[in-house]
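So the structure is just underneath, and the comments pick up after that.
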């Protein structure tokens, strides 16, 4: 594994055995500085990737916004501007997660729902059994334009999780 010194930026090659409890501790071969830093957890890096992609999706002209909801941790990411309060997002996220979970119990291959409410199109996509991503669009054309970025996001998250498991 290649790591860089926090002090001088020097490149250091370490065996993966040097990683303990998600921390890297080593002495730089260039400046002898003792480095000790935490590795980003898999869940954090996945969440950061989701945040970046959801921000891009939410910035499209016909997209009102989006958010990620977790069964236990509630709203993880929010790009809904001031349209809905945090309590609104929690209520909506909880109900949408319940609905997609019920659908998936009956039909295992269901990955997403599209709802039409008050001239708005709401896309609900399951990230896993505990998390959903919700994107609200103004037009059906906007809904169609986000399917591919959402598919790509889900695929990247799944690949990242598989890679972490080894």
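The values are calculated or read from the model by the stated rules, or taken from the named source; none is laboratory data. A quick note: this is a predicted structure, and the numbers were derived from the prediction, not measured. Reconstructed Cβ throughout: ideal geometry from the backbone, glycine too, with neighbour counts over all protein chains shown.
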Enumeration of residues in region 46-55 that are out of contact with any strand residue (DSSP E or B) (no Cβ under 9 Å at 6 or more places or on another chain) and exposed (fewer than 14 other Cβ atoms within 10 Å of the Cβ)
48, 52
Quick test for you: out of 111, 105, 98, pick the one residue that is more than 17 Å from residue 55 (Cα to Cα) and modelled with pLDDT under 90.
111
Quick one: which strands (runs of 3 or more DSSP E) sit completely within region 71-126 and have at least 3 residues that are without any contact (Cβ under 8 Å) to a residue 24 or more places away in the chain and more than 18 Å from the chain's Cα centre (by Cα)?
112-117
Can you tell me which residue within region 12-22, out of those that are surrounded by 12 or more Cβ atoms within 10 Å (Cβ to Cβ) and outside any loop (DSSP other than H, G, I, E, B), is modelled with the lowest pLDDT?
18
Suppose we keep only residues that are in contact with a strand residue (DSSP E or B) (Cβ under 8 Å, 6 or more places away or on another chain) and surrounded by fewer than 15 Cβ atoms within 10 Å (Cβ to Cβ) within region 60-89. Which one would you say is nearest to residue 126 (Cα to Cα)?
86
Taking residue 31 as meeting all but one of (1) part of a helix (DSSP H, G or I); (2) out of contact with any strand residue (DSSP E or B) (no Cβ under 8 Å at 6 or more places or on another chain), write down the number of the exception.
(1)
Restricted to region 54-70, and to residues that are more than 15 Å from residue 130 (Cα to Cα) and assigned to a strand (DSSP E or B), which residue is nearest to the chain's Cα centre (by Cα)?
66
